[in-house]
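Bear in mind these aren't lab numbers, they're just calculated from the coordinates by the rules spelled out. Everything quoted here is computed from the prediction, not taken from an experiment. Using ideal geometry, Cβ is built from the backbone for each residue, glycine included, and neighbour counts are taken over all protein chains shown.
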Amino acid sequence: MSTAELPRAPLRLRVDTHALAGNWRTLSEMSGKAQAGAAVKANAYGVGVGQVVPCLRDAGCEQFYVAHWSEVPALLSYVPARQVAMLHGVTDRAEADYARATGVMPVINSIAQAELWLEAGGGPCHLMVDTGINRLGIGMADTGNEAIGRLKVDMLLSHLASADEDSALNAVQLGRFREVSTRIDHQRRSLANSAGIALGADYHFEHTRPGLSLYGGVPRQELEGRISQVVFPEAAVIQRRRIAAGDSVGYNATFTANRDMEVATVSIGYADGFLRSRGRDCALQHGNFALPIIGRVSMDMVVLDCTGFPDLKMGDFLQIPFDLPRVSETSGLSQYELVTTLGDRFALHS
Ligand SMILES: *Cc1c(COP(=O)(O)O)cnc(C)c1O
């Protein structure tokens, strides 16, 4: 092992923790009497558990959601096991034993999972009911099942399929959730994700589960102007060069210069979540100036037109546009995809 110090990374990510805590407080206030938790699965949507979880904990959040058991240890460095819910539940005995040993709460999603949990010794758990997304959760018809009846249910959950749209399915799911909550004993109920919070008080129950909007996503217009950008990525220039009229740039020569140009090669590519669909009509920011991307996005690089910016040099950082609703519109990628695919080559910086 070398003890040499790693040089500065050419990709860096600033997480605005004030904005993050502010978004949680906004979503918490919008949840009325309900307590707001936080979905922090997939390394806090790619933003980084190590920054996100302590920040939200300090803001007052007391309930965190992950989707894999592998995500649990990182959370347990910051919050008590009882505040962690594992959304996919227990699919074999090893997972049930791990849940019992750590005290992390599994979200039981089927009769088979309920039986597995009880066989392993059981204990407090959460229970997901599927009211219409048809993905995870016990069916409406399973509520009378004997194993389900023996569960010690803390939170009764369901998940909305179309909360980001004005869909008739929202009210249908709400009605079904109300109905099942009269048939299954529980301590508290939770239906709403970020968009669901904006659907109004009927959807709040005792607990809400925002994810996307914590990180700057705006899934419904009611949240516009209330949610702040949290994630600010930057990438370094690794080379400047001059190209002549007629020269092409990048894979498959999709761009040809119609004049002599100055171009800069920048250290971000699709391996960093900057997918090819983001290259279209996209520019990186050099302070107040927008430098347009030319040619294809490569795995580790993009090329920009920097004609007229003689000051831009190797080692300078450019800002990657990351206003999620706006970038989603221009790239065709969902706000969820934009943030969760950031990749692990970014150095955190303040
Ligand atoms: C991911 C997830 C959430 C958070 O949803 P957002 O749309 O990101 O706010 C809430 N509940 C469940 C069950 C989830 O899987």
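The table that follows gives values for the structure above.
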item	result
Spin-label zone in the stretch 50-81 - amide nitrogen under 17 Å from a point set 7 Å from the Cα of Ser350 along the C-beta vector	50-56, 58-59
Antiparallel DSSP beta bridges within the chain, as percent of all bridges there, nearest 5	55
Candidates per trypsin sites (Lys or Arg not before Pro) in the stretch 116-176, loop by DSSP, up to 15 other Cβ within 10 Å	Arg135
DSSP-loop trypsin sites (Lys or Arg not before Pro) across the stretch 245-349, with at most 10 other Cβ within 10 angstrom	Arg259
Alpha-carbon centroid distance for the pair the stretch 324-350 / the stretch 265-306, whole angstrom	13
Cα gyration tensor, the stretch 17-215 - rounded (a/c under 1.5), prolate or oblate	oblate
Convex hull volume of the stretch 231-348 per residue (C-alpha atoms, cubic angstrom)	99
Residue among Ala245, Ala36, Ala257 with the largest mean-square fluctuation in a Gaussian network model of the chain, springs linking Cα atoms under 10 Å	Ala245
Normalised contact order of the stretch 17-215, rounded percent, pairs of Cα under 8 Å and 6 or more residues apart	21
Inter-probe distance in nm under a simple model that places probes 7 Å from Cα toward Cβ, at Leu76 and Thr91	2.1
Sparse-neighbourhood loop sites, GluC sites (Glu not before Pro) in the stretch 176-250 - DSSP loop, at most 14 other Cβ within 10 angstrom	Glu224
Over the chain: helical MRE at 222 nm, DSSP H runs n ≥ 4 each giving -39500 (n - 2.57), nearest 500	-7000 deg cm²/dmol
Distribution of pairwise C-alpha distances over the chain, 10 Å bins, in %	5, 23, 27, 21, 13, 8, 3, 0
